[in-house]
Amino acid sequence: MATRHFLTLLDLSPDELHYLIQRAISIKTHLQAQGPNYTPLPNRTLAMIFEKSSTRTRVSFETAMTHLGGHALFLSPRDTQLGRGEPVGDTARVLAEMVDAVMIRTFSHANLEIYADASDVPVINALTDDYHPCQLLADVMTWTERRGRIQGRTAVWVGDGNNMCHSWINAARQFGFNLRVCCPEGYEPRADIVAAAGDSVSILHDPQQAADGADLITTDVWASMGQEGEQARREADFAGFQVTEALMDHARDDALFLHCLPAHRGEEISTTLLDDPRAVVWQEAGNRLHAQKALIEFLLLGRTS
């Protein structure tokens, strides 16, 4: 079987993505009922390369491999020859001789693609400057658990047209829902990604208009990792784009609020929104573990059910 990678949501078919969501829910249900006794990956190793730090990504992937009976190997820039100038492709070829899969959290999506092209083992994008597909697996899983299939529903992205926004756009394409992207002028997502999504995505600049009748509202920090120097300017530009309980009131009565975390309370969200019953961010964060278990299993073993 040819090596499969997961660099964006477009690397899997809509049917495969639907399978992953259902499989993740099944894995979670089994864990809650019987504990971590499903171990299909004994002696398998996942190399985790981190050029960007993270709490949720490291803990979820490392715990996932432990639960599945395998081992996760943490590699920072200080721990690899990448930090000393080794070509990306050379590192990929070396690690493919030693580990069963590689997870990478980095800046450049182009470098991730170079790595995957040279790798004979599956490569998982755990975040680049352009995409964050693993987060979307957890997000769609959470929506599915709470409200059923996402197909035909309406989600709203409020904030920067960043890597999370790009992955929400790809999710709208792959899962068949409508996405309203609401951002200040000048902060729109990449035009080619929007164009490829066709009628699934619309761009707005009025948060209340965007939220009207929506099934879900989601957002992210205004200044992502590496943009800290732009914080003051972004705070000014995003004034009026904070997600609050009042903005949620414009959505449907059963609307949900998601946030990939970490959240900056008092900036992109009100200080109390995460305490609102419409916010399901803790379930969303926990679902990173289960969705990534399903993904790792799929990439290494194929469909199991």
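The values are calculated or read from the model by the stated rules, or taken from the named source; none is laboratory data. Being a predicted model, the structure only gives us computed values, none of them experimental. Note that we place each Cβ from the backbone using ideal geometry, even for glycine, and neighbour counts take in every protein chain shown.
One residue is enough: does the stretch 1-16 have a residue meeting the conditions within 15 Å of HIS132 (Cβ to Cβ), out of contact with any strand residue (DSSP E or B) (no Cβ under 9 Å at 6 or more places or on another chain) and among the aliphatic types (A, V, I, L, M)?
Yes, that holds for at least one residue.
Can you list residue pairs whose Cβ atoms sit under 7 Å apart, with the first residue in the stretch 114-127 being in the same structural domain as GLU51 (by TED's automatic domain parsing) and more than 12 Å from ALA101 (Cβ to Cβ) and the second being of a type in the set (D, E, K, R) and in a loop (DSSP other than H, G, I, E, B)? Count only pairs 6 or more apart in sequence or on different chains.
Hits for this filter: LEU127/LYS52.
Identify, from the list THR55, THR66, the residue that is closer than 30 Å to GLU145 by Cβ, hydroxyl-bearing (Ser, Thr, Tyr) and modelled with pLDDT of 95 or more.
Going through THR55, THR66 in turn, the sole match is THR66.
Got a number for residues in the stretch 195-226 being modelled with pLDDT of 95 or more and either hydroxyl-bearing (Ser, Thr, Tyr) or not assigned by TED's automatic domain parsing to the domain that holds ARG147 (or both)?
So the answer is 4.
Filter the stretch 261-284 for residues that are touching a residue at least 40 places away in the same chain (Cβ under 8 Å) and in a helix (DSSP H, G or I); which is nearest to the chain's Cα centre (by Cα)?
GLU284
Report those strands (runs of 3 or more DSSP E) wholly inside the stretch 87-181 carrying at least 1 residues which are under 30 Å from ASN43 (Cα atoms).
101-105, 123-125
Just the residues that are surrounded by fewer than 21 Cβ atoms within 10 Å (Cβ to Cβ) and either among the β-branched types (Val, Ile, Thr) or not assigned by TED's automatic domain parsing to the domain that holds VAL140 (or both), please, taken from the stretch 155-194.
Within the stretch 155-194, ILE193, VAL194 qualify.
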